[in-house]
There are 2 protein chains.
Amino acid sequence: MANYLEMNREELTAEKAKLNEQYKKFLAMNLKLNMARGKPGPHQMDLAMGLLQMNDYTTDAGTDARNYGDLEGLHEARVLFADVFGVKPEEVFVGGNSSLQLMYNLINIGYVFGFPESPCPWSQVEKRKFLCPVPGYDRHFAITEEYGFELISVPMTPNGPDMDIVEKLVAEDDTIKGIWCVPQYSNPDGYTYSDETIDRMAKMKTAAPDFKIFWDEAYIVHHLTEEIIETPVLLNESKKYGTENRVFMFTSTSKITFPGAGVSAIACSVDSMKYICKRFSVMIISYDKMNQLRHVRFLKNKEGVLAHMAKHRRRLIPCFDAVKTAFSEELTPCGDIAHWTNPKGGYFISLYVMPGCAKRVAQLCKECGLTLTGAGSAYPYHKDPQDSHLRIAPTYPSLDEVETASDLLCVCVKLAVIEKLLAEKAE
Amino acid sequence: MANYLEMNREELTAEKAKLNEQYKKFLAMNLKLNMARGKPGPHQMDLAMGLLQMNDYTTDAGTDARNYGDLEGLHEARVLFADVFGVKPEEVFVGGNSSLQLMYNLINIGYVFGFPESPCPWSQVEKRKFLCPVPGYDRHFAITEEYGFELISVPMTPNGPDMDIVEKLVAEDDTIKGIWCVPQYSNPDGYTYSDETIDRMAKMKTAAPDFKIFWDEAYIVHHLTEEIIETPVLLNESKKYGTENRVFMFTSTSKITFPGAGVSAIACSVDSMKYICKRFSVMIISYDKMNQLRHVRFLKNKEGVLAHMAKHRRRLIPCFDAVKTAFSEELTPCGDIAHWTNPKGGYFISLYVMPGCAKRVAQLCKECGLTLTGAGSAYPYHKDPQDSHLRIAPTYPSLDEVETASDLLCVCVKLAVIEKLLAEKAE
């Protein structure tokens, strides 16, 4: 293989013909592969089946976890998540099976009622805005889009969002009400925010008194190397600057135990806790404490969580390796037609293909039976201005499937790039 | 005992002294009894422990209930609740552990976005109103109060809300956006809406095109006699008049299996289903389908649910009987100082004491260690204009405790009434 960027028309045409042959072979396989969503595979979920073997639902306090009560979560569940977050139990709210729903609930509270620091409910801020580090998580962006926020893209760097830009924007504009963050092993790049980024998030001056950081620790224990990366805890850092009411941290066990039946949690200041409990108490009597107790008895504490995640890791490393190996073997020799991230944790690899090619790659994959997240979905309004980014999720398929999918993906990337190069030469 | 209403001052004073002696004996017992909330007791929850004995979470369709997906609920769970509601599976949405949260979500959708029939979101209707049959369920009223609706009381009758009043109000005022109903074994009276009431609910003309009936079938299978009362299904009836988008029916297994860890459901038109799924898809990926599947495998179908509820009934009838027997033995001889409902199902008995006495009764009970739902809580803004109503919940305590609590309650009623009569004679 040679560098595509140095090929002439004839060479490109010949290479295209070769690739078309390879593509046809994949077509003939009638594949049905999916690397779209960040879903754990059956082998990961099987590891958690032990948590179902429980018959006594008496809590440490002697209460009955089966009945109503304890809106803010079982005490022992708050202790577990406090350990994971690195905060105090009274700063933790333990919810149901969905941290996304908790985020939605809090955006909704801001919109309908406002927060204690709000001059008015966010619904009354006509040109309300929310910061979206890009590429980011489509479901985050969708919530604020649903509530009529203008989504302002902020570029991601390997150290987190570009803080020069963030600081400038939030200092000037009081209609910017918050920012979406996935600080550890970011979705989709797999970057971890630097200590400096976290400090600047805690310290920055915001024009809006009710600016909120939605800090989604979805992958806080999802290490893919033996290095257990730990970062400063935003809620604790923010106390140094008196900005702790700005912080809502989230996590869940969706990608630890069961995606559809895990336990979610919020960490926030005690003041914020009082306020959200008052609002939540109108909405729900209490969350599923039986499931909370099952999780506590099974995972025990942060150490137990990390031990469990080590079992996940053993199963996930080969899948991530398969993708990255295919990329470097198949794409690197073709010249600067693509680059990708090398995450130390989390659920995704970002693949950046030659600008203008991402949609075409996804289409070629789809027509051959491989579903990727729609090109552009990591950007507000699903519009990747470069049409370059693809989010690769290697966690759900089996290793065999990941290997096949990665090979197919490389063929599609090369095809799309050659199509583009040929089109450019024709112009 | 003689009729209090015919007693003179001296007789009342003598009777009061006797009652005070009895009250002191209860005080000395240092009781800690609770008949406040509609909570199932441990003996009821124990009956459902069998549902936890399940290891295979493969659905009938061969999918994995542990993973993400199926926002609208597992197919087999939709089938189960369709059977219970008396509607079609495609008209059923199966949620998480809280039907209250589903109701909150729908009020919120109306408020923030409106429904497809809405001229504008409810938030933009300045003097928005909601009808509240009284006495009713405090948590229903609280949701609409939270969202700034004026709560309009409508009197309950043994056949349901006074439909002459309801029809007149909704026909005239397009700012009335809905009504809260507990049609079967109403909370707190235990009344079941008549066929005529249900028909009129379906048929009535509403000035608001987006008027919604929140039809909480919390007690649809909670029969307390051997008579299985079945009423016309509002969603089906409404189709006769083309008003099916008006109807949101709710139920849950909170008072069938586990209060804190049951499964909730909505029944509505297919049009409404499409709309709410679109909105919900921004909020949550899917609800806890493992718990849904456990419930389906354990309860099987409506027949299975009814068989399970027969076991509840055997344990609940003695408790309801203890309350009613105490009332008729202790209160009836005192003349027209109180009356109460005789529910054929549900979770509550309404006790109506002489106007002006309910708060005092609750206070006397509380000071003696018996917690009742706060007097007035069955009315909007917690204001019972008569100060007459007390909601009695005999389901949670043991039979011994219910017997003691009922005796104490009767003493407190008599004391409060005598205090009132003496005060009146002093004027």
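How big is D for region B:29-100, in µm² s⁻¹ as a whole number, if Stokes-Einstein is applied with the Kirkwood radius of its Cα pairs at 10 °C and 1.306 mPa s?
Numbers: Rh = 15.4 Å.
Estimated diffusion coefficient is 103 µm²/s.
May I ask for the equivalent-ellipsoid semi-axes of region B:357-424, computed as the square root of five times each C-alpha gyration tensor eigenvalue and listed largest first in whole Å?
In descending order, the three semi-axes are 21, 17, 8 Å.
Rounded to the nearest 100 Å², what is the buried accessible area between B and A, both sides summed, probe 1.4 Å?
On the way: alone 17910 and 17930 Å², together 31430 Å².
For B against A, buried area totals roughly 4400 Å².
Which ³J(HN,Hα) values, rounded to whole Hz and listed in residue order, are derived for region B:93-100 from phi using the Karplus coefficients 6.51, -1.76 and 1.60 in 6.51 cos²θ - 1.76 cosθ + 1.60 with θ = phi - 60°, glycine and proline given as x?
Couplings: 10, 10, x, x, 8, 9, 6, 4 Hz.
Taking the Cα centre as origin and putting +1 on Lys and Arg beta-carbons and -1 on Asp and Glu beta-carbons, what dipole magnitude results for the protein assembly as shown, to the nearest 20 debye?
560
Run lengths n ≥ 4 of DSSP H only: what is the helix-derived mean residue ellipticity at 222 nm for chain B, with -39500 (n - 2.57) per run over all residues, to the nearest 500?
-13000 deg cm²/dmol
Taking +1 at the Cβ of each Lys and Arg and -1 at the Cβ of each Asp and Glu, which of B:TYR347, A:PRO385, A:PRO40 sits farthest along the dipole of the protein assembly as shown towards its positive end, judged by Cα position relative to the Cα centre?
The listed residue farthest towards the positive side: A:PRO40.
Once the label point is placed 7 Å from Cα along Cβ, list for B:PRO155 the distances to the corresponding points in the other copies, in nm, shortest first.
7.2
Roughly speaking, what % of Cα-Cα pairs in the protein assembly as shown are separated by over 53 Å, rounded to a whole number? List each step's numbers first, then the result.
Details: 75441 of 364231 pairs.
Result: 21 percent of Cα pairs exceed 53 Å.
I'd like the Karplus ³J(HN,Hα) series for region B:129-145: coefficients 6.51, -1.76, 1.60, θ = phi - 60°, whole numbers in Hz, and an x wherever there's a Gly or Pro.
Once θ is set to phi - 60°, the couplings for region B:129-145 become 9, 9, 8, 10, x, 10, x, x, 9, 4, 6, 4, 4, 4, 4, 5, 5 Hz.
For a 24 Å ceiling on Cα separation, which of these pairs sit above it: B:LYS39/B:LYS212; A:LYS88/B:LYS366; A:LYS18/A:LYS420; B:LYS16/B:LYS344; A:LYS168/A:LYS239; A:LYS289/A:LYS311? Mind showing how you got there, number by number?
Numbers: B:LYS39/B:LYS212 28 Å; A:LYS88/B:LYS366 35 Å; A:LYS18/A:LYS420 16 Å; B:LYS16/B:LYS344 34 Å; A:LYS168/A:LYS239 22 Å; A:LYS289/A:LYS311 26 Å.
From B:LYS39/B:LYS212; A:LYS88/B:LYS366; A:LYS18/A:LYS420; B:LYS16/B:LYS344; A:LYS168/A:LYS239; A:LYS289/A:LYS311, over 24 Å: B:LYS39/B:LYS212; A:LYS88/B:LYS366; B:LYS16/B:LYS344; A:LYS289/A:LYS311.
Can you give the angle from 0 to 90° between the axis of helix A:289-299 and the longest principal axis of chain A, with both taken from C-alpha atoms, to the nearest 10?
Around 70 degrees separate the two axes.
Given N residues in region A:51-182, what is Rg(Cα) / (2.2 N^0.38 Å)? Intermediate results must be reported in sequence, preceding the final value.
On the way: Rg = 18.6 Å, N = 132, 2.2 N^0.38 = 14.1 Å.
Region A:51-182 yields a ratio of 1.32.
Aspartates and glutamates near A:LYS300 by alpha-carbon distance under 12 Å, same-chain residues fewer than 8 away left out - which ones?
Of all the aspartates and glutamates, those that pass the test against A:LYS300 - Cα under 12 Å, at least 8 places apart if same chain - are A:GLU76, A:ASP83.
Top mean-square fluctuation among A:ILE284, A:ILE220, A:ILE276, Gaussian network model of chain A, C-alpha springs under 10 Å?
Per the Cα network of chain A with a 10 Å cutoff, A:ILE284 tops the list.
Suppose every Lys and Arg Cβ carries +1 and every Asp and Glu Cβ carries -1, with no other charges. What dipole size does chain B come out with about its Cα centre, to the nearest 20 debye?
That gives chain B a dipole magnitude of about 820 debye.
Where in region B:151-169 does the amide nitrogen come within less than 18 Å of the point 7 Å from the Cα of B:LYS203, taken along Cα to Cβ?
Hits in region B:151-169 for B:LYS203 at 18 Å: B:159-169.
Note every residue of region A:251-282 with a reduction of at least 50 square angstrom in accessible area, all protein chains present versus the isolated chain, computed with a 1.4 Å probe, or write none.
Listed by number, the residues meeting the 50 Å² cut-off are A:GLY260, A:VAL282.
Under 5 Å between amide hydrogens, which residues at least 5 positions from B:LEU370 or on another chain qualify, with H placed 1.01 Å from N in the peptide plane?
Placed amide hydrogens put B:LEU33 under 5 Å from B:LEU370.
Distance in nm between label sites at A:SER328 and B:LEU306, each 7 Å beyond Cα in the beta-carbon direction?
6.7
Taking a cut-off of 18 Å between Cα atoms, list the aspartates and glutamates near A:LYS25, but don't count ones fewer than 8 places away on the same chain.
A:GLU15, A:GLU330, A:GLU367, A:ASP400, A:GLU401, A:GLU403, A:ASP407
Give me the accessible area per residue for region A:75-154, probe 1.4 Å, as a whole number in Å².
Accessible surface, normalised per residue, equals 29 Å².
Once R0 is set to 56 Å, what does the formula 1/(1 + (r/R0)^6) return for the Cβ-Cβ distance between A:GLN386 and B:GLU427, expressed as a FRET efficiency to the nearest 0.05? If you can, show how the numbers build up before the last one.
Working: r = 85 Å, r/R0 = 1.51.
Once rounded, the FRET efficiency stands at 0.10.
If amide hydrogens are placed 1.01 Å from N in the peptide plane, which non-local residues have theirs closer than 5 Å to the one on A:LYS129?
Here the answer is A:GLU150, A:ILE176, A:LYS177, since their amide H atoms fall under 5 Å of that of A:LYS129.
Quick one: helix A:358-367 against the long Cα principal axis of chain A, what's the angle to the nearest 10°, folded into 0 to 90?
Computed tilt is about 80 degrees.
Going 7 Å from the Cα of A:GLN22 along its beta-carbon direction, which residues of region A:391-410 have the amide nitrogen within less than 18 Å of the resulting point?
Under 18 Å, as judged by backbone N against the label point of A:GLN22, lie A:401-410 of region A:391-410.
Could you give the length gained on full extension between A:CYS277 and A:ASP60, defined as 0.36 nm per residue of separation minus the Cα-Cα distance, in nm?
Contour length minus Cα-Cα distance gives 75.9 nm.
Considering the dipole of region B:284-412 built from charges on the beta carbon (Lys and Arg +1, Asp and Glu -1) around the Cα centre, which of B:ALA326, B:PRO397, B:VAL361 is farthest to its positive end?
So the residue furthest toward the plus end is B:PRO397.
With the solvent-accessible surface defined on protein heavy atoms using a 1.4 Å probe, which residues belonging to region A:117-161 display a reduction of at least 40 Å² in accessible area in the multichain context relative to the isolated chain?
Relative to the lone chain, where solvent access is computed with a 1.4 Å probe, region A:117-161 loses at least 40 Å² at A:ARG139, A:GLU146.
Can you list the residues of region B:54-92 whose accessible area drops by at least 30 Å² going from the chain on its own to the full set of protein chains, with a 1.4 Å probe?
When all protein chains are present, B:ASN55, B:ARG66, B:ASN67, B:TYR68 each give up 30 Å² or more of accessible surface.
Which GluC sites (Glu not before Pro) in region A:145-235 pass both tests, a DSSP loop state and at most 13 other beta-carbon atoms within 10 Å?
For GluC sites (Glu not before Pro) across region A:145-235 that sit outside H, G, I, E and B with at most 13 neighbouring Cβ atoms in 10 Å, the list reads A:GLU226, A:GLU227, A:GLU230.
Only Cα pairs within less than 10 Å get springs; with that Gaussian network setup on chain A, which residue of A:GLY346, A:GLY190, A:GLY86 has the largest fluctuation?
Fluctuation is largest for A:GLY86.
Place a +1 charge on the Cβ of each Lys and Arg in region B:287-427 and a -1 charge on the Cβ of each Asp and Glu, then give the dipole magnitude about the Cα centre in debye, rounded to the nearest 20.
Result for region B:287-427 is approximately 1020 debye, rounded to the nearest 20.
Would you pull out the residues with amide H under 5 Å of B:TRP340's amide H, same chain only if 5 or more places away, H placed 1.01 Å from N?
B:TYR352
Distances from A:ALA426 to the same position in the other copies: list them in nm, one decimal, shortest first, using label points 7 Å from Cα along Cα→Cβ.
10.1
Most mobile of B:THR325, B:THR192, B:THR253 per a Gaussian network model of chain B (Cα springs, under 10 Å)?
B:THR325
Which three semi-axes in whole Å describe the equivalent ellipsoid of region B:277-359, each the square root of 5 times a Cα gyration tensor eigenvalue, listed largest first?
41, 21, 8
Determine one quarter of the surface area of the Cα convex hull of chain B, which equals its mean projected area, and express it in nm² to one decimal. Kindly include the intermediate steps, with their values, before the conclusion.
Details: hull surface 86.1 nm².
Mean projected area of the Cα convex hull: 21.5 nm².
Of the accessible area of the protein assembly as shown, with the probe set at 1.4 angstrom, what percent is carbon plus sulfur? Don't jump to the answer; show the numbers that get you there.
Values: 15590 of 31430 Å².
The C+S portion of the solvent-accessible surface of the protein assembly as shown is 50 percent.
Equivalent ellipsoid semi-axes for region B:71-300, as square roots of 5 times the alpha carbon gyration tensor eigenvalues: give them largest first, rounded to whole Å.
Values: eigenvalues 132, 90, 50 Å².
Each semi-axis is the square root of five times an eigenvalue, giving 26, 21, 16 Å.
The values are calculated or read from the model by the stated rules, or taken from the named source; none is laboratory data. Only a predicted model underlies this, so the values are computations on that prediction, with no experimental measurement involved. With ideal geometry, Cβ positions are generated from the backbone for all residues, glycine too; neighbour counts draw on all protein chains shown. Heads up: the accessible areas ignore ligands, DNA and RNA and are worked out on the full protein's heavy atoms, side chains in. Shrake-Rupley method; radii C 1.70, N 1.55, O 1.52, S 1.80 Å.
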